[in-house]
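Q: Quick one: the structure is below, and I'll ask about it shortly.
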Amino acid sequence: MPRSPDSPKPTPAELDLLQVLWPLSSATAKQVHEAMLETRPDVTYATVLRLMQVMHGKGLLLRDESERSHVYTPAYERDALQSNLLQDLMQRAFSGSAKALVLAALKSGISKKERAEIEQLLREDKE
């Protein structure tokens with residue numbers, strides 16, 4: 001599914017926040033901040049809140065304002081957003097070639113475990 005020109009394009013910081021929010025499904029800025037502290041002890045509550053407000057404005061997050069503390073939910077499921085980002089990268093960097101993208105990913109180095117998982121997926125696809 002190609003991205004439309006007005007589809008939101010998350011920044012690396014926004015993707016980091018989404019990685020925390022997706023498993024939570026929905027959360028307040030305080031809950032997201034507390035979860036982010038595990039991997040980023042330097043991040044402040046004010047930074048998380050501001051980022052979530054910006055993401056809401058960009059259409060990346062939905063916001064329930066019915067409670068005193070606003071509850072945020074990702075506007076896109078993880079798989080859908082990743083697919084859109086992958087399509088965008090494939091078009092821009094690999095002239096639309098999935099093969100070129102996969103070969104570049106494989107050349108960049110994968111673990112033996114990842115290689116075995118990929119080979120298993122390819123075998124299953126043949127069956």
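Any read-out appearing in this document is the output of simple, stated calculations on the displayed coordinates, not a laboratory observation. Only a predicted model underlies this, so the values are computations on that prediction, with no experimental measurement involved. Quick reminder, even Gly has a Cβ in these numbers, built from the backbone with ideal geometry, and neighbours come from all protein chains shown.
Q: Considering amide H positions built from the backbone, and no H for Pro or chain starts, which residues 5 or more places from L61, or on another chain, come under 5 Å of its amide H?
A: Counting only residues 5 or more places away or on other chains, the set is H56, A75.
Q: Tell me which residues come under 5 Å, amide H to amide H, from R40 once H is placed; ignore anything under 5 positions away on its chain.
A: none
Q: Most exposed first by the Cβ proxy, i.e. fewest other Cβ within 10 Å, how do K30, K99 rank?
A: The fewest-first ordering by Cβ neighbours comes to K99, K30.
Q: For the chain, rounded, prolate or oblate, judged on the Cα gyration tensor with a ≥ b ≥ c (square roots of eigenvalues), a/c < 1.5 rounded, else prolate if a/b > b/c?
A: Since a/c reaches 1.5 and a/b is larger than b/c, the shape of the chain is classed as prolate.
Q: Ok, one more. Peptides 63-72, 17-26: what's the order by average Cβ count within 10 Å, highest mean first?
A: 17-26, 63-72
Q: So what J values fall out for segment 73-83 if you push phi through Karplus, 6.51 cos²θ - 1.76 cosθ + 1.60 with θ = phi - 60°, rounded to Hz, Gly and Pro as x?
A: Per residue, the Karplus-derived 3J(HN,Hα) values read 9, x, 7, 10, 5, 3, 4, 5, 5, 4, 4 Hz.
Q: ³J(HN,Hα) across segment 54-68 via Karplus (A = 6.51, B = -1.76, C = 1.60, θ = phi - 60°), whole Hz, x for Gly/Pro?
A: Going residue by residue, I get 5, 5, 5, x, 7, x, 7, 10, 9, 10, 9, 9, 6, 9, 4 Hz, with x marking Gly and Pro.
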